Amino acid sequence: MVDFVSVSLVVVVISTLLVVRVLYVISQSSKPARNTSQKNLSTLVVLGSGGHTAEMINLLSVLPKDRFAPRFYIAAATDNMSLQKARVFEDALDDKTSLQGPEPTQFMQIYRSREVGQSYITSVGTTLFALGHALWLMVKIRPQVILCNGPGTCIPICAIAFIFKILGIRWSNIFYVESIARVKRLSLSGLLLYKLRMADQLFVQWPQKQYPRARYVGRLM
Amino acid sequence: MDDINNHFEFKRTVFVTVGTTSFDSLVRTVDSDQVKEALLEKGYTHLVIQMGRGSYIPKKSSGEDGSLVVDYFTFSSSIADYLRSASLVISHAGSGSIFETLRIAKPLIVVVNEDLMDNHQSELAEELAERKHLYCARPQTLCEVIKSLNLDIIVPYEPGDANPVAKLINKHLGFPAD
């Protein structure tokens with residue numbers, strides 16, 4: 001016979017464990033790794049329309065490609081140009097380095113939670129669908145590094161990555177570089193990741209003293 | 001005499017770009033007689049408009065009557081060549097267009113689209129204008145800005161550098177520093 005006291009006890013214990021685990025994950029995430037024996041880390045790159053993809057490619061061009069491999073690019077399903085730009089970037093890389101990566105680069109599309117102008121009622125359904133799709137992709141990829149710089153598509157991905165960390169499914173290092181267009185304050189994506197402490201490191205390109213935990217790194221472009 | 005004139009044709013092109021957006025108010029303003037007159041007065045000879053997803057179609061002109069030569073297109077896989085051959089660039093406030101132009105040190109007027117709901121783009125344009133890297137305008141003020149254009153006060157933009165953040169990322173992951 002399961003009585004009320006036992007059930008409440010179990011709930012309290014599990015909740016406490018979860019809270020402790022979440023606090024542990026957050027504190028560990030902000031610390032640099034001592035040194036990694038791994039030669040390369042699987043990397044998920046979140047692309048976005050407008051300047052996001054251009055800024056992301058600009059960042060990727062100075063990262064050591066052999067260490068951030070294999071690479072998985074994700075863009076919203078309705079974004080036609082971003083994956084194409086990423087392909088062009090990757091093709092140019094293959095010309096320079098004749099080494100084959102551990103696995104081929106992959107390009108994927110993800111469903112958007114909500115299109116511009118979509119009614120909020122139907123948005124509930126599409127957001128759930130998008131979350132399910134994000135979960136499916138994240139289970140397949142389980143990246144060790146996530147690079148994102150603002151598009152809304154990065155939120156479900158980062159949220160799922162954070163949950164994976166808490167549950168011990170996969171420890172991913174989440175790096176968020178706020179767009180150069182955000183001069184005075186963070187975007188909604190940036191603000192969410194900042195407040196919820198979901199990113200290991202959050203970088204801003206303009207001095208924004210109101211976010212003490214954001215690292216100012218100057219302009220990338 | 002005509003042949004010599006044609007060979008040594010002095011071409012100063014104004015390139016207008018709206019990126020992947022629809023920015024009819026800018027295209028319409030640029031296509032207006034006032035703006036075209038103002039550009040001619042400033043010594044520009046050609047006007048090329050990249051109109052993106054807009055629905056307003058500018059009027060082409062061969063410039064035979066001494067007016068501005070006007071041409072337009074919707075999209076191009078790369079506007080690098082157009083930027084390179086321009087003497088003045090008038091662009092929407094997208095960061096990609098802005099920095100692509102600043103990187104090759106072309107004079108730039110950024111026009112902010114006030115019809116956009118979330119206008120975070122204006123922050124960037126205003127900040128760069130304050131630092132005198134470019135001129136900032138709205139479609140209504142574009143003509144005035146062109147008339148009072150003074151390119152001597154423009155401060156060249158020092159290109160940014162992604163290496164500092166790359167170093168921090170590498171360090172956080174415990175990768176050995178190069």
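The values are calculated or read from the model by the stated rules, or taken from the named source; none is laboratory data. Just so it is clear, the model here is predicted, and its values are computed rather than measured. Reconstructed Cβ throughout: ideal geometry from the backbone, glycine too, with neighbour counts over all protein chains shown. The area values use the complete protein model at the heavy-atom level, side chains included, leaving out ligands, DNA and RNA. Shrake-Rupley method; radii C 1.70, N 1.55, O 1.52, S 1.80 Å.
Among the residues of the range A:138-146, are any outside any strand (DSSP E or B), open to solvent by less than 50 Å² (accessible area, probe 1.4 Å) and within 12 Å of chain B (Cβ to nearest Cβ)? Yes; the residues of the range A:138-146 include at least one that is outside any strand (DSSP E or B), open to solvent by less than 50 Å² (accessible area, probe 1.4 Å) and within 12 Å of chain B (Cβ to nearest Cβ). Which of the residues belonging to the range A:201-215 are open to solvent by 10 Å² or more (accessible area, probe 1.4 Å) and at the interface with another protein chain (Cβ under 10 Å from one of its Cβ atoms)? Once the filter is applied, which keeps residues that are open to solvent by 10 Å² or more (accessible area, probe 1.4 Å) and at the interface with another protein chain (Cβ under 10 Å from one of its Cβ atoms), the range A:201-215 yields A:Q201, A:R215.
Looking at this structure, is B:F15 part of a loop (DSSP other than H, G, I, E, B) and either loosely packed, with under 13 Cβ neighbours inside 10 Å or under 14 Å from the mean Cα position of the chain (by Cα) (or both)?
Judged against the criteria, B:F15 is not a match.
Please enumerate the residues belonging to the range B:105-121 that are open to solvent by 40 Å² or more (accessible area, probe 1.4 Å) and either more than 12 Å from chain A (Cβ to nearest Cβ) or at pLDDT 95 or above (or both). Hits for the range B:105-121 are B:A105, B:K106, B:E114, B:D115. In contact (Cβ under 8 Å) with a residue 12 or more places away in the chain and not assigned by TED's automatic domain parsing to the domain that holds A:L23, is that true of A:L192? Against the criterion (in contact (Cβ under 8 Å) with a residue 12 or more places away in the chain and not assigned by TED's automatic domain parsing to the domain that holds A:L23), A:L192 qualifies. Of the residues in the range A:57-64, not one is touching a residue at least 12 places away in the same chain (Cβ under 8 Å) and over 28 Å from A:S187 (Cβ atoms).
Considering only residues that are buried (at least 18 other Cβ atoms within 10 Å of the Cβ) and assigned to a loop (DSSP other than H, G, I, E, B), which ones fall in the range A:112-137? Matches in the range A:112-137: A:R112, A:S113. Residue pairs whose Cβ atoms lie under 6 Å apart, separated by 6 or more positions or on different chains, with the first residue in the range B:66-89 and acidic (D, E) and the second assigned to a loop (DSSP other than H, G, I, E, B), are B:D71/B:K60. Can you name the residue in the range A:62-80 that is touching a Gly at 6+ places or on another chain (Cβ under 9 Å) and under 17 Å from A:N40 (Cβ atoms) and, of all such residues, is surrounded by the most Cβ atoms within 10 Å (Cβ to Cβ)? Filtering the range A:62-80 for residues that are touching a Gly at 6+ places or on another chain (Cβ under 9 Å) and under 17 Å from A:N40 (Cβ atoms), the one surrounded by the most Cβ atoms within 10 Å (Cβ to Cβ) comes out as A:R71. In summary, B:L102 fulfils each of the numbered conditions (1) more than 10 Å from chain A (Cβ to nearest Cβ); (2) at pLDDT 95 or above with the single exception of condition (1).
The residue list A:K165, A:K209 contains one member that is out of contact with any Cys (no Cβ under 7 Å at 6 or more places or on another chain), basic (K, R) and assigned to a loop (DSSP other than H, G, I, E, B), which is A:K209.
For the range A:81-101, taking the residues that are open to solvent by 90 Å² or more (accessible area, probe 1.4 Å) and among the charged types (D, E, K, R), the one that is modelled with the lowest pLDDT is identified as A:K96. Give the residues of the range A:190-200 that are open to solvent by 10 Å² or more (accessible area, probe 1.4 Å) and either under 22 Å from B:A125 (Cβ atoms) or assigned to a helix (DSSP H, G or I) (or both), sorted by residue number. Matches in the range A:190-200: A:L191, A:L192, A:Y194, A:K195.
Here is the figure for the range B:73-93: residues that are open to solvent by less than 10 Å² (accessible area, probe 1.4 Å), under 23 Å from A:A181 (Cα atoms) and either modelled with pLDDT under 95 or among the aliphatic types (A, V, I, L, M) (or both) total 5. Residues that are away from chain A (no Cβ under 14 Å) and in a helix (DSSP H, G or I) within the range B:139-178 comprise B:P139, B:Q140, B:T141, B:L142, B:C143, B:E144, B:V145, B:I146, B:K147, B:L151, B:D152, B:I153, listed in sequence order. Selection of the range B:64-82 for residues being assigned to a helix (DSSP H, G or I) and among the acidic types (D, E) yields only B:D81. Per the listing A:R185, A:R170, the residue uniquely at pLDDT below 95 and either within 11 Å of chain B (Cβ to nearest Cβ) or within 18 Å of B:G160 (Cα to Cα) (or both) is A:R185.
Matching residues to (1) in contact with a Phe, Trp or Tyr (Cβ under 8 Å, 6 or more places away or on another chain); (2) in contact (Cβ under 8 Å) with a residue 60 or more places away in the chain:
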site: B:K11; (1), (2): no, no
site: B:V18; (1), (2): no, yes
site: B:D33; (1), (2): no, no
site: B:E37; (1), (2): no, no
site: B:I57; (1), (2): yes, no
site: B:S61; (1), (2): no, no
site: B:E100; (1), (2): no, no
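Would you confirm whether or not the range A:40-53 contains a residue that is open to solvent by 80 Å² or more (accessible area, probe 1.4 Å) and either within 11 Å of chain B (Cβ to nearest Cβ) or more than 18 Å from A:S172 (Cβ to Cβ) (or both)? Don't jump to the end; show me each part of the working.
First pass over the range A:40-53, keeping only residues open to solvent by 80 Å² or more (accessible area, probe 1.4 Å): none.
Taking every residue of the range A:40-53 in turn, none turns out to be open to solvent by 80 Å² or more (accessible area, probe 1.4 Å) and either within 11 Å of chain B (Cβ to nearest Cβ) or more than 18 Å from A:S172 (Cβ to Cβ) (or both).
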